[in-house]
Structures are given as structure tokens and as C-alpha cells.
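Each remark here refers to the structure printed beneath this line.
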Number of protein chains: 2
Amino acid sequence: MKKLINAPENYVTEMLEGLVACHPSLTICGDSQRVVRRSAENTPGKVGIVSGGGSGHLPLFTGYVGQGFIDACAIGNVFEGPAIDSCVDAINAADSGQGVLLLFGNYGGDRMNFEMASELVAMDDIVTATVLGNDDVASASPEEASKRRGVAGLIYAYKIAGAKAEQLATLEEVARVAQKAVDATRSIGIALAPCRLPSSTEPNFQIHDNEMEMGMGIHGEPGLWRSELKSADETVAEMLNLILADLPLAAGDRVSVLLNGLGATPLEELFILFRRANQLLADRGVEVVAPIVGNMATSMEMAGASLSILKLDDELEALLTAPGVCPFWRVG
Amino acid sequence: MKKLINAPENYVTEMLEGLVACHPSLTICGDSQRVVRRSAENTPGKVGIVSGGGSGHLPLFTGYVGQGFIDACAIGNVFEGPAIDSCVDAINAADSGQGVLLLFGNYGGDRMNFEMASELVAMDDIVTATVLGNDDVASASPEEASKRRGVAGLIYAYKIAGAKAEQLATLEEVARVAQKAVDATRSIGIALAPCRLPSSTEPNFQIHDNEMEMGMGIHGEPGLWRSELKSADETVAEMLNLILADLPLAAGDRVSVLLNGLGATPLEELFILFRRANQLLADRGVEVVAPIVGNMATSMEMAGASLSILKLDDELEALLTAPGVCPFWRVG
């Protein structure tokens, strides 16, 4: 957990400057300079889509700003939600007069600040709707599904809402498909090793050399259980079972699969995990469409992976596979 | 360095199976099943491009098989070169009768096996040419530049040779631009923490908690010096100086920059490093074109980064920015 950084207090600013220097399709904006928006002008008549969250999860959240994805993103300090003024700036950046969808993970601080921001922009007659990502099945029981946290599966909602907004659909319609994507997505993570916040000298959790934790959250929130490190095949089978207990799948169903790395777990291992998930789904007669394997939502140098499944219908599949481009995901 | 794997002896096979299951544009072929080729039929009249190397460096090498990149790739065990028969199978897979460029990193075992393979396919009247990536400035002095190892900068040669081959250029011409790309590329790496081979219980090198090593190779080959961990800005300035000592740049020059992660170093830190490299080049009046920041050539969970610079002229820039698509790099 050695870090190649400068002063910790400059971590987010310098990271954002590097991001936009590399990707000219992105621009930093807002008084706080903690908003990333598309460099292109807003499309007249298009609903805007805004997300936000803490730093330390790249490509989440700012890396998904792009055509057919989100339009602007408010970003906070590492593992801290964005400030209210950043949320306001992001909404203003995304607004073209057709309303703005606020699409972010279900975390208390983020919810509170986006709610306050939506009240503030309402005074300027900007209409907003809110959809919360809550895909992490380990974070609350099915009976309390609304308390679940959002993790990597949120990017499916970005893609699907983004594609709908490109069709110049109404805010109500864009929010509907975003909620539909959230409702059809489940995720679970497995953690092997912690990360360290730039301002800290200690890891964000402790775990023994031969242990893994099933269901740990992306900030190190406690999971379901710890065990000795299991094989890749056993691990992904247990992850899949935990998802299927919550999102039953039958032969003939079509799903997308996201096998996401948390940061330090090599791409080789992600493909070994994906291989088995794909086999297990095929054994059930479930077809995998447009799978994604890679580091799409991380926790800096945390080791581990998450599995997300999006159950498709014709509408979701068409939106998932519609053209779209942002720095870290490109379709068509 | 905990691993989410199954039996170590199945590591490469399962990784390849997962790779092609996720990316249908790729197919495993060859008697040894250690070759990845494009699923599409070969383009008639096009020179084939083959690469190869050891496993454990994804997306290198197999992830760069695609249209406008390499056509087939022979892959060995972790950190071991591909077998001769795999090299032969890869050449056969890529051949359309116009000859095949062998484009791989300058490592003794890889060189020997590809040389043997080229003699074997010559008996079937397949003409080959060989270009070796040797971008790592830390691995030998300028006087012995031909002894330098190939590292991340090899992907620039893939892109440039691949674009030239798409124009249905001759083998001589494709080899010429590949060599030109190699000659214009320099890289240097910094290592912070080791990886562990799947078959081993020990890290591949030892380094203290507050140390870094400048110039270490991607298999842990010794570098130039060790020091206490420095800031990102200091580190990248020293990396850039080592490159510029070997590849002088003047105001008005145009370059591409690849800020590559070795595996466990977060994307946030790569952007912080890139930010400073970009500033330092701008201070010299050098313009950065089509930069790349990400994990493009890794050593599993090794922590650290490498900086590669490709000095452009009009021909190289046109080929670098020509359309091309493979699973991990897409242009146009």
C-alpha cells in the first residue's frame, strides 16, 4: 500500500487534473472544481444525468461521463460524498431545460447532499428525479433491500439511462429505465486485502494473510463472513449463489455479467473468475450478453473482486447495447 | 499477493478461456491451445502480425489481438516465452500469403523460439520479418541499446505496424514502420512492490516498506537504484529525465505518452503521475498527442508504473491515430 502521490490534500485535485489532461472529452467545472462534465455542449432537448460519490473508486464515478452515459459528476474527497455545492454545480452543468436525473449509490451522505442540491436547483426551476443504486446484496436482507448500498452495478444504470436520454426521452422515462436497471441488478464483492487512504498511515481494515471476506463493501464495510482463501471456482460459485438467491434466473434468461476488479487483483484472475461464472450460468441455460471484465469500480489498491448480474429484457438489452462512449466503456 | 486462482498448472489455460469467453473477437487456436487469434477471417492481401511472450502481463500480449493491431499471439507460461510450436501456430494463423511480421519484446527465449519458428514456416514458403521491442532505457546503456528489453512501449509498435498492415502495405513496409516506432519509443519503470507467480509461495523480489526501485524490469529484473519512496512529482520527473537523456526532445516536438500501471497501483495515482509528466513536457514546449493512462502492460499484482514516450513524426502520428480496435485499446 505504498502510494505514488504528492501531498494528500492535493490528491483529488491532481487526480482530476490528470484525468481531464488525458481525456479531453472531460472538463472540470464548478466553483469548487470538484465537478467533471462533458466538454461537448449539452444536447438541446436531452435530459441530463448526474452522478456523484467519493474519490478513490476510478473509473467510478467521473470516468463514466460521456455521450450515452452520464453528463456530469460531482466528486468528493476519498471515500466521502460530494459537497452540496458540487452537486448543484453538476446539476447546472447537465441541465438543458428538460430536467436532470440524479443517479448515484445509496449512501446516507450522498443522499442528503443531493437532496439538498435538488431543492436548491428547484428554485431555478430545474426539475430533478432521483434513482439510487442499491445492488449490493450483502449489505442488507431482501426485506430491507432499499437499505442496500450501491456498488459496481451502478454502471449498468448509467449506460441504460444514458442511452434512453440520448433518444430524447422525458425525465420520467429516463428515470423509469434507470430504476428498472437498478431493480434488475445485483452485486456482491469479495475482499482479500485492504487499501489505505492517502491521508492515513493505516490500512482501512485488517485481514489475515490467508483470509478472504465475502460481501465486504467497497469502503471496507463488514461483509457476511470470513473464511480461509478458497479457490477461484469455489469463490465465484458462492458469489453467484448469493446473487441468485436474490435474483432468480431460469433457462432462457439473458443477463449481462460484470466481473469487476477492486484494484490490485490482476486481470488474469478476473478472467479466471469470469470463466467459471460464465460456465455456471451456461449450465443453467442462462445466456450472457455483453459481459465486462476489468477494473470498473475500484477501491484504490484493495485486492478482491465483485460480481454483478443484470437481468435483461428486450428494452434493457437494447439500451445496454446502444452506442455510447466514455473514457472507460465504449459500445458500438 | 493472495491469489484468486485454481490449480496453478491451469492458470494460463483458464485465463485464456475467460479472455475469449468475454471477448468473442478472440479465438484460441493451435495444437497447444496457447495461441490467440482474431476470430474474423484474415484479410486477403494483408501482411500478418504476430506477437508473443509470457503470461502474467495482461492486457499484454493477447489483449492486443484485433483489427489494426496484431493478428495472432503465442503465449507462454507465466513469465516464460511461448513454445516453438505455439509460435509456428501463431504465424500460420496470421498468414494470408503476404508474409508475417514477428513483433515481440527483446528477450532471449522469445527470440530463440521465434527464430526457430520462422525457419520452420519458411519450409512452407511463409516469409517472415522480425522487429524486436527494446524500449526499456534502464536495461542497458545507449551504447548497448540493442540489448535492451522490451516493455510497455511495445504496444505503440503494435498499433503503428497494425495500421500500416491495414493499408495492405508490403511486409517490408510494415516492418519498416514497426522498427521506426521501436526506434522512437523509450520506457522506464518504477517498482514499489513485487508480485508472486501462481506456482510459487514467495514474492518475485524483496523490497522494504518505504523503498522504491527505479528501472526495475517487468519480471523484477534489477533496476538502476533504490531509494526511499519519493513523491509522485519527483518520481515522474526522474523517470522523464532518464528517458530524455536517451531521446532528446525539443520545443515543437510531438509525442505520445503512455503512463502504464504495473498492476496494483491505482488509476488515481497513474493520473497524478501523468499530470506531472504532461506539465513537464508542456514546459519544454513538447505537445502530447493521444496519451494513454491505464494498466496496459502489467506484472500481475506488482505495484508501480512505467512511463513510455513515443516521439512522433507525421507518418507515425497518422498510423497511431488511424482506426483500430482490440479488447483493450480502441482508436477512431
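Listing for the model above:
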item	result
Under 25 Å from B:K3, Cα to Cα: lysines that are on another chain or at least 8 residues apart	A:K2, A:K3, A:K230
Shielding score for B:290-300, defined as the mean number of other chain Cβ atoms within 10 Å	3
Reachable aspartates and glutamates from B:K164, criterion Cα separation under 19 angstrom, eight or more residues apart if same chain	B:E41, B:D71, B:D95, B:E172, B:E173, B:D183, B:D313, B:D314, B:E315, B:E317
Intensity falloff of the protein assembly as shown expressed as log10 I(q)/I(0), Debye formula with alpha-carbon point scatterers, at q = 0.10, 0.11, 0.12 Å⁻¹	-0.89, -1.09, -1.31
Packing-based ranking, highest mean first, of A:310-323, A:259-272 given that Cβ atoms within 10 Å are counted	A:259-272, A:310-323
Within straight-line cross-link reach of A:K147, aspartates and glutamates at Cα separation under 12 Å, skipping those fewer than 8 residues along the same chain	A:D135, A:D136
Nearest beta-carbon to the A/B symmetry axis - residue in chain A, distance in Å	A:A264, 2
Label distances, nm, A:E9 versus same residue in remaining copies, Cβ-directed 7 Å point	5.8
DSSP beta bridge pairing in chain B, given as percent antiparallel to the nearest 5	60
Shape of chain B, Cα gyration tensor, a/c cut at 1.5	oblate
Radius 11 Å from Cβ of B:V50, net charge of other residues (Lys, Arg +1; Asp, Glu -1)	-2
Distances in nm from B:P142 to the matching label points in the other copies, shortest first (labels 7 Å along Cα to Cβ)	7.0
Label spacing, shortest first and in nm, from A:E202 to its equivalents in the remaining copies (7 angstrom along Cα→Cβ)	3.4
Projected label distance in nm at B:M116 and A:N241, using a 7 Å step from Cα toward the beta-carbon	4.6
Three-way shape call for region A:10-182 based on the alpha-carbon gyration tensor, with the a/c threshold at 1.5	rounded
For region A:185-312: rounded, prolate or oblate by the Cα gyration tensor [a/c cutoff 1.5]	prolate
Protection proxy ranking of A:177-188, A:142-153 - average other beta-carbon atoms within 10 Å, highest first	A:177-188, A:142-153
Choice from B:S227, B:S25, B:S139 showing the highest fluctuation, given a GNM over chain B with Cα pairs closer than 10 Å	B:S227
Ellipticity estimate at 222 nm from DSSP helix runs (n ≥ 4, -39,500 (n - 2.57)) divided over chain A, nearest 500	-9500 deg cm²/dmol
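Values in this text are rule-based calculations from the coordinates and carry no lab data. Remember, it's a predicted structure, so these values are computed and weren't measured experimentally. Using ideal geometry, Cβ is built from the backbone for each residue, glycine included, and neighbour counts are taken over all protein chains shown.
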